[in-house]
Amino acid sequence: MAKHAVLSSGTKMWRSLACAKSELRLDLTLACGQSFRWRETAEGHWTGVMGGRVWTLAQTDDTLWYHVYKNQDRQGEGRDRKTTTGVFLSKKSEKRFKGALKKEEEELVAVTLVQDTEEEEQMLRDYFQLNVKLGDLYKEWGAADPHFKHIADIFTGVRMLRQEPTECLFSFICTSNNHISRIQGMVERLCQALGTPLCQLDHTSYYNFPSLSALADNSVEARLRDLGFGYRARFLQQSAKQILDTHGLQWLEDLRSAPYLQARDALRTLPGVGTKVADCVCLMSLDKAEAVPIDTHVWQIAKRDYNYTSGNGQKSITDKLHRDIGDFFRKLWGPHAGWAHSVLFCADLKKFQKLKEMPHVKQPQKEENGGEETQVACKTKTKIKREETEAVKTIKTKKAKMCV
């Protein structure tokens, strides 16, 4: 049985691209509630499904490493192409033909591998939006917002993913009145029930995300209720059916080119999609970097850390309050406000609170006298240590002589 790849076994089967941790931290980005399909399968190794492939990602200080598992169907593609000649030959001709065919097969495999490598690197760059210079954005946000600057020193490298729209939408329909670990379980059961199998690693099976057609089937609601989805089962099936019946397969992709508010309002016409879910989908899959999803969690951050007073006394978030808080952060952070919001959201999650308690190493500041004093202190300590060692040696020598 195939196993999850680990870097310690050697990098021969891994590929890499240059990416500093200040631009991307996998442990924060993949576990902060944007996507629900990644698991830490070994220390610092994250395995998940993206673009119909199973990946394991790892990183060192300046490099992003990735291993892509080839599922059975993809492994068989070359064989399907190779065995379609249907020609009967003499033994001599057959031998010569097989030699030529073998060479052609090797060339085909080599070309396919190069194409796969280029395609997969591009998929990874697109998924993490590596064309966006996160370090520059952090500087801009820190200059405009002292509170963000304080948080950013600890929570570097939190990027916004660019997910496939169908997966993002139907994953976030599962998030209402829910928490991250439970949502992960629901999304996994959804894929197992309705998705196509991709591969199995260490007794763990991986599945592609279900298609719109699979989600829209009339039997889906009852099936998902049996799997513990509750009222969300109806929303999932009805939203898929409405998209197919009213808009068509390409509709979600086309919303990427629509203005932000137009895309958000279009999503809100679907069953189970409120303003917050629509904003999450806009931000995390539809290229709307200005979308700021507002829930009670973000409202508390606004009140606690930014002295935001509008809406005090209200028990729930109205459309007006949602718009006002969003506009407040958009004015503060600019066109990529949704990205900045995700950093603060991540920093406030219970699972990451230990990072705030860890000592963070800072570069020593250069001072006129401080540097000299430190050097003198170090030299003094070294001298004392050396003298103590010599004294111990002298005492031992004297004792040895006395014994003799």
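Results, tabulated for the structure shown:
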item: Matching option when the condition is more than 29 Å from F345 (Cα to Cα), open to solvent by 50 Å² or more (accessible area, probe 1.4 Å) and outside any helix (DSSP H, G or I), among Q192, Q200; result: Q200
item: Check on E164, open to solvent by 50 Å² or more (accessible area, probe 1.4 Å), modelled with pLDDT of 95 or more and within 18 Å of the chain's Cα centre (by Cα); result: yes
item: Number of the condition not met by Y206 [criteria: (1) in contact with a strand residue (DSSP E or B) (Cβ under 6 Å, 6 or more places away or on another chain); (2) free of Cβ contacts under 8 Å to residues at least 40 places away in the same chain]; result: (2)
item: Residue check for Y308: under 27 Å from Q184 (Cβ atoms) and out of contact with any Leu (no Cβ under 8 Å at 6 or more places or on another chain); result: no
item: Selection count, the stretch 236-260, where residues are over 25 Å from D126 (Cβ atoms) and open to solvent by 20 Å² or more (accessible area, probe 1.4 Å); result: 6
item: Residue in the stretch 300-314 that is without any contact (Cβ under 8 Å) to a residue 40 or more places away in the chain, within 21 Å of the chain's Cα centre (by Cα), surrounded by 15 or more Cβ atoms within 10 Å (Cβ to Cβ) and not in a helix (DSSP H, G or I) present; result: no
item: Residue in the stretch 245-255 that is in contact (Cβ under 8 Å) with a residue 24 or more places away in the chain, of a type in the set (S, T, N, Q) and in a helix (DSSP H, G or I) present; result: no
item: Residue count for the stretch 256-270, restricted to those that are part of a helix (DSSP H, G or I) and free of Cβ contacts under 8 Å to residues at least 40 places away in the same chain; result: 8
item: Residues of the stretch 319-333 satisfying the condition of being touching a residue at least 24 places away in the same chain (Cβ under 8 Å) and either more than 15 Å from T296 (Cβ to Cβ) or surrounded by fewer than 12 Cβ atoms within 10 Å (Cβ to Cβ) (or both); result: D319, F328, F329, R330, L332, W333
item: Restricting the stretch 174-185 to residues that are surrounded by fewer than 22 Cβ atoms within 10 Å (Cβ to Cβ) and hydrophobic (A, V, I, L, M, F, W, C), the residue that is farthest from the chain's Cα centre (by Cα); result: I183
item: Lone qualifier among E104, E40 - being of a type in the set (D, E), open to solvent by 90 Å² or more (accessible area, probe 1.4 Å) and at pLDDT 95 or above; result: E40
item: Number of the condition not met by T11 [criteria: (1) part of a loop (DSSP other than H, G, I, E, B); (2) surrounded by 17 or more Cβ atoms within 10 Å (Cβ to Cβ)]; result: (2)
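The values are calculated or read from the model by the stated rules, or taken from the named source; none is laboratory data. Every value quoted in this text rests on a predicted model; they were computed, and no experiment measured them. Heads up, the Cβs are rebuilt from the backbone with ideal geometry, glycines too, and the neighbour counts pull from every protein chain shown. Keep in mind that these areas ignore ligands, DNA and RNA; they rest on the heavy atoms of the full protein, side chains included. Shrake-Rupley method; radii C 1.70, N 1.55, O 1.52, S 1.80 Å.
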